[in-house]
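**Student:** Below is the structure I would like to discuss, written out as structure tokens.
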Amino acid sequence: MAKQQESSGGGGGVAGRFLLFILITLAVGCLVLKRDEMMDENVEAKVEAGDAESRIPAGMCPKFCEARLKQLMDHHGGADFTQTSDLLEKAKSEREKMIGRLEEMYGKGERYYESIFHNVDGKRRKFFIGPGDQEARVSEKRFQRKLGMKILKMQASLIEENSNLEGCDCTHGDEVESQRRRRLQGGDDVLKIVLPDVKSTYDTVVWGSGGHSAAASHGNLLHESYPEYMERMAKDVFKSVGLDLIGRNYAMGGMNTAPEVALCLESKMGLDADIISWDSGMTEAGNPKKFDFYANRVGQHRNRPVFAGIQLGQSSGAEPKIETMRRMENWGMSTLYFPGEVHDAMHEGYPDMTTLSGPDAEAAPEYAAYFICGDKKEEGEPRCGDMKYTETTCVNRVGKASWHPGWKFQANVGHAMALFMVDSLIETLEDINFAEANKVTGEKYDPLKLYKQLKETEDSDYDKFKETALELPTDMHEVLEEFPEGEDLKPWIPLRKHSYCHSSHLPSESRYLGLFDGNFTSSRDGFERGIGFKDLKKMAEESSEVPSTDQPMKLVFDEKLHENGTEEDGSPCAEPVQLDFKDWLSVTNKDGWSTVTFPNELELEYYKPDDDSKPKGLIMLCFVLCDWGNCPDGELNRDRLEALEFELNGQRVKQMIPIGEQCSFLQHHKGFFFDPNEKGQYELRARVGLWEKDQPDVLSYIRITSLAVV
């Protein structure tokens with residue numbers, strides 16, 4: 001349901017408007033703080049010891065520091081987070097526990113964990129590899145560099161914080177070290193002192209997963225997507241070293257990589273994404289250009305994420321995409337992919353249920369059983385088809401189709417991702433620990449110094465990536481086939497310029513944080529839902545005349561698509577099934593002129609580029625793509641421009657130049673580039689005519705999903 005708005009009159013209206021102004025101001029301020037806190041990497045800034053007034057008498061500092069050390073070590077499970085050897089020991093211990101859980105799920109020893117996740121030589125399979133030299137492992141090392149920078153930043157922050165804690169230096173000096181030794185040896189109790197709070201984690205590691213309906217886990221329960229399997233399996237390992245692992249299932253059924261998703265990556269995946277993947281298992285098998293577009297936009301993301309490919313295809317089908325990733329790696333990005341032959345080998349490790357006797361079949365571990373029946377996966381007898389989907393709840397749910405993989409397939413990919421992530425973390429810690437152990441004799445371990453060194457190499461790689469804009473294609477037709485040749489538009493603009501995106505799609509960080517509706521929320525479920533399509537139609541039917549003033553475009557959702565399904569007794573499903581929905585901004589012929597301003601004030605501040613660069617003013621508008629190209633009566637889009645009117649900041653939109661199946665670049669009478677207003681924003685005005693002149697009673701409408709400016 002849409003949020004209910006309270007109304008007030010008289011003086012209360014003035015007070016209400018003032019309060020709203022204050023709330024918006026505070027929201028913008030809090031949002032900027034949140035963004036800066038998340039993105040700030042300026043860990044070099046030192047806190048001067050003399051600035052803070054000491055509340056602890058100098059003579060009490062040893063006791064205070066001993067209590068602080070005990071607090072930290074108790075909170076961190078006995079580990080000193082400033083000592084990499086302690087972190088390494090914790091992570092390895094948690095990895096063993098994780099592998100123990102996997103062995104229980106798939107079967108230990110002669111069962112199936114080993115045959116699925118290990119090669120015949122007993123070594124763990126390489127689930128994600130770089131596209132270049134396998135000895136150099138360039139992209140793998142770049143990803144580990146990213147993890148290492150998070151660890152080193154955490155250590156540097158802890159050391160700096162403890163060096164001036166209430167006026168006490170709890171990091172340096174023989175007294176602190178002797179207290180640490182006594183603490184570890186079970187020394188005397190320390191004086192009870194009020195201590196600062198300790199964080200449960202110090203940074204995030206975010207994997208944002210994109211792709212089609214199978215990648216979105218359609219047919220399964222919401223928690224049965226492979227990013228969620230990854231997060232649940234590996235989360236404790238990352239938490240043991242102060243990192244919060246987050247898997248975001250942000251795939252969407254029937255969606256391509258480009259141009260809509262590609263130009264909206266930051267608003268969709270979030271500014272904090274460390275890995276952005278795309279699953280090509282059901283879409284774009286033969287279109288490497290869109291994949292290339294997407295890869296360039298991942299490289300443009302300000303958090304410098306890894307670009308990961310999943311289900312790229314087999315042999316010749318995968319090679320064009322791997323070549324794109326190889327070129328991006330040479331240009332300075334980190335690119336990894338899940339080799340198809342490795343995935344096939346994992347599937348060969350499952351038991352063939354046609355070869356097992358009744359008792360052996362019943363004894364097969366849950367995660368390994370009834371996945372392979374003869375030469376078929378998740379279908380055939382005995383019972384592989386029956387066991388494909390979880391049937392204990394929400395039995396009649398949407399998406400249970402033959403072409404969608406079941407929960408065992410999702411778990412297989414997710415657990416491979418978890419093993420890759422954990423092995424990468426531990427190798428990172430081993431490298432840092434080696435550097436720490438081999439420092440010059442007498443030199444103190446300085447994580448800040450190591451952090452700076454890694455940051456310099458990362459900066460160098462991304463400077464190289466920026467310079468390669470000159471190596472991009474010179475004709476837009478080479479970027480997207482749909483774009484006509486000879487247009488006066490350089491490919492580096494949509495491929496590499498910073499973009500603002502105002503998109504109604506779910507899932508997206510912009511919607512969850514309330515940025516899209518201009519009302520920041522920290523709850524992630526308090527965002528504006530809009531109104532149902534049925535309610536919109538009813539409102540239009542009851543409308544007697546067209547408004548004479550501009551109306552805001554309405555956020556609308558399809559009630560039927562938002563239904564999860566039903567239980568066996570016909571009651572609605574209690575558990576969520578999917579979260580990907582193509583909600584839209586609506587304009588009908590009953591609305592008159594309708595407007596939307598993008599980016600709104602919150603988006604303008606939150607997605608402001610780090611270099612303060614300004615957009616060129618190239619505008620992309622995307623409509624909902626009708627299923628199989630069959631639009632219902634009344635729906636209009638770019639193919640019916642004669643029935644539509646658009647203005648952008650007062651300029652009439654003359655043409656819509658197609659880029660992809662549902663998106664267009666807008667063009668005015670002088671070209672593609674539109675000037676912003678004084679705030680750097682764009683106001684789109686739209687008016688919808690009749691669907692058919694001889695059918696004036698049919699409600700006509702447009703459904704806009706995304707507006708982006710680059």
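The values are calculated or read from the model by the stated rules, or taken from the named source; none is laboratory data. Because the structure is predicted, anything quoted here is derived from the model rather than measured. Glycine also receives a Cβ, built like all others from the backbone with ideal geometry; neighbour counts cover every protein chain displayed. Only protein heavy atoms, including side chains, enter the accessible area calculation; ligands, DNA and RNA are left aside. Shrake-Rupley method; radii C 1.70, N 1.55, O 1.52, S 1.80 Å.
**Student:** For the stretch 399-422, enumerate the residues that are surrounded by fewer than 17 Cβ atoms within 10 Å (Cβ to Cβ) and either in contact with a Ser or Thr (Cβ under 6 Å, 6 or more places away or on another chain) or in contact (Cβ under 8 Å) with a residue 24 or more places away in the chain (or both).
**Tutor:** Ala401, Trp403
**Student:** Sort out which residues of the stretch 486-505 are modelled with pLDDT under 95 and hydrophobic (A, V, I, L, M, F, W, C), and write them in order of number.
**Tutor:** Leu489, Trp492, Ile493, Leu495
**Student:** Here are the criteria: (1) out of contact with any strand residue (DSSP E or B) (no Cβ under 6 Å at 6 or more places or on another chain); (2) open to solvent by 40 Å² or more (accessible area, probe 1.4 Å); (3) modelled with pLDDT under 95. Tell me which single one Gln311 does not satisfy.
**Tutor:** Gln311 satisfies every listed condition except (1).
**Student:** Follow-up. Is it fair to say Leu684 is crowded, with 17+ Cβ neighbours inside 10 Å and in a strand (DSSP E or B)?
**Tutor:** So Leu684 fits the description; yes.
**Student:** Test Ser402 against the stated conditions and say whether it is at pLDDT 95 or above and closer than 30 Å to Leu579 by Cβ.
**Tutor:** In short, no.
**Student:** Out of (1) touching a Ser or Thr at 6+ places or on another chain (Cβ under 9 Å); (2) within 17 Å of Tyr701 (Cβ to Cβ), what's the single condition that is false for Tyr512?
**Tutor:** If we test Tyr512 against (1) touching a Ser or Thr at 6+ places or on another chain (Cβ under 9 Å); (2) within 17 Å of Tyr701 (Cβ to Cβ), just (2) comes out false.
**Student:** Hey, another quick one. State all residues of the stretch 319-362 that are of a type in the set (A, V, I, L, M, F, W, C) and in contact with a strand residue (DSSP E or B) (Cβ under 8 Å, 6 or more places away or on another chain); if no residue qualifies, say none.
**Tutor:** Across the stretch 319-362, the qualifying residues are Ile322, Met325, Met328, Met333, Leu336, Phe338, Met353.
**Student:** Could I ask something else about it? Looking only at the stretch 337-364, count every residue that is open to solvent by less than 20 Å² (accessible area, probe 1.4 Å) and in a loop (DSSP other than H, G, I, E, B) and tell me the total.
**Tutor:** 6
**Student:** Of these, Glu478, Glu430, which one is modelled with pLDDT of 85 or more and at negative phi?
**Tutor:** Only one candidate passes the filter, namely Glu430.
**Student:** Those residues that are touching a Phe, Trp or Tyr at 6+ places or on another chain (Cβ under 7 Å), assigned to a loop (DSSP other than H, G, I, E, B) and at pLDDT 95 or above, I need them from the stretch 687-710; list them, please.
**Tutor:** Ser700
**Student:** Which residues, taken from the stretch 672-681, are in a loop (DSSP other than H, G, I, E, B) and surrounded by 13 or more Cβ atoms within 10 Å (Cβ to Cβ)?
**Tutor:** Within the stretch 672-681, Phe672, Phe674, Pro676, Gly680, Gln681 meet the criteria.
**Student:** Let me ask something additional. For the stretch 647-682, how many residues are without any contact (Cβ under 8 Å) to a residue 24 or more places away in the chain and of a type in the set (Phe, Trp, Tyr)?
**Tutor:** 0
**Student:** Would you check which residues across the stretch 545-583 are surrounded by 14 or more Cβ atoms within 10 Å (Cβ to Cβ), within 17 Å of Met252 (Cβ to Cβ) and touching a His at 6+ places or on another chain (Cβ under 9 Å) and list them?
**Tutor:** Val577, Gln578, Asp580, Phe581, Lys582, Asp583, listed by residue number.
**Student:** Within the stretch 250-267, is even one residue open to solvent by less than 20 Å² (accessible area, probe 1.4 Å), of a type in the set (S, T, N, Q) and in a loop (DSSP other than H, G, I, E, B)?
**Tutor:** yes
**Student:** Would you confirm whether or not the stretch 585-603 contains a residue that is part of a loop (DSSP other than H, G, I, E, B), open to solvent by 10 Å² or more (accessible area, probe 1.4 Å) and among the acidic types (Asp, Glu)?
**Tutor:** Yes, the stretch 585-603 contains a residue that is part of a loop (DSSP other than H, G, I, E, B), open to solvent by 10 Å² or more (accessible area, probe 1.4 Å) and among the acidic types (Asp, Glu).
**Student:** Residues that are touching a Gly at 6+ places or on another chain (Cβ under 9 Å), surrounded by fewer than 18 Cβ atoms within 10 Å (Cβ to Cβ) and part of a strand (DSSP E or B): does the stretch 653-671 have at least one?
**Tutor:** No, every residue in the stretch 653-671 fails to be touching a Gly at 6+ places or on another chain (Cβ under 9 Å), surrounded by fewer than 18 Cβ atoms within 10 Å (Cβ to Cβ) and part of a strand (DSSP E or B).
**Student:** Would you confirm whether or not the stretch 524-544 contains a residue that is surrounded by 16 or more Cβ atoms within 10 Å (Cβ to Cβ), of a type in the set (A, V, I, L, M, F, W, C), in contact (Cβ under 8 Å) with a residue 60 or more places away in the chain and out of contact with any Ser or Thr (no Cβ under 7 Å at 6 or more places or on another chain)?
**Tutor:** yes
**Student:** Which pairs turn up if I take residues in the stretch 454-469 that are touching a residue at least 12 places away in the same chain (Cβ under 8 Å) and charged (D, E, K, R) and look for partners that are surrounded by 17 or more Cβ atoms within 10 Å (Cβ to Cβ) and part of a helix (DSSP H, G or I) with beta carbon separation below 8 Å, at least 6 apart in sequence or on another chain?
**Tutor:** Final answer for the pair search is Lys455/Met149; Glu458/Arg142; Glu458/Arg145; Glu458/Lys146; Glu458/Met149; Asp461/Arg142; Lys466/Arg496.
**Student:** Scan the stretch 279-302 and report the pairs whose first residue is assigned to a helix (DSSP H, G or I) and whose second residue is at pLDDT 95 or above and among the aliphatic types (A, V, I, L, M), with Cβ atoms within less than 6 Å and a gap of 6+ or a chain change.
**Tutor:** Listed by first residue and then by second, the contacts come to Phe293/Ala262; Tyr294/Ala262; Ala295/Met328; Arg297/Ala262; Arg297/Leu265; Val298/Ile276; Gly299/Met333.
**Student:** Could I ask something else about it? Going through Gly100, Gly122 one at a time, which residue ends up being open to solvent by 30 Å² or more (accessible area, probe 1.4 Å) and over 14 Å from Phe238 (Cα atoms)?
**Tutor:** Among Gly100, Gly122, only Gly122 is open to solvent by 30 Å² or more (accessible area, probe 1.4 Å) and over 14 Å from Phe238 (Cα atoms).
**Student:** I need the full set of residues from the stretch 611-638 which are among the acidic types (Asp, Glu), surrounded by 10 or more Cβ atoms within 10 Å (Cβ to Cβ) and part of a loop (DSSP other than H, G, I, E, B), in order please.
**Tutor:** Scanning the stretch 611-638 gives a single hit, Asp633.
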